[in-house]
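Written below as C-alpha cells is the structure these notes are about.
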Amino acid sequence: MAPARWEDVVLGVLLLIIGVPRAIIAVTQDRPLGTEGTLSLACVVLALALLVHRSQRRSRTAPRL
C-alpha cells in the first residue's frame, strides 16, 4: 500500500466535520439510535482512526535528531 499523504488528513478532517455534529445530535436524542446515527458515529471513529494511524506512521518514519 502506498504511503499516506495529505489526502488522508483532508479525508479525516472532512469526515470529522460531517460526522461530529450529526453524531452529537444522534446521541443526545431521546429516541433509539438508528441507522443515520450509527453511520455518523462510524464516520467519527473512522476519521479518528485515520488521523491517529497517520500520525503514528509519521512519527515512526521521522528522522531522529
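We did not get these values from a lab; they are worked out from the coordinates using the rules stated. Computed from a predicted structure; not experimentally measured.
Which of rounded, prolate or oblate describes the range 6-60 when judged by the alpha-carbon gyration tensor and an a/c cut-off of 1.5?
Prolate, because a/c is 1.5 or more and a/b exceeds b/c.
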Item to complete: Calculate one ³J(HN,Hα) per residue across the range 19-27 by plugging θ = phi - 60° into the Karplus curve 6.51 cos²θ - 1.76 cosθ + 1.60, and present them in order as whole Hz with x for glycine and proline.
Response: x, 4, x, 5, 5, 4, 4, 5, 6
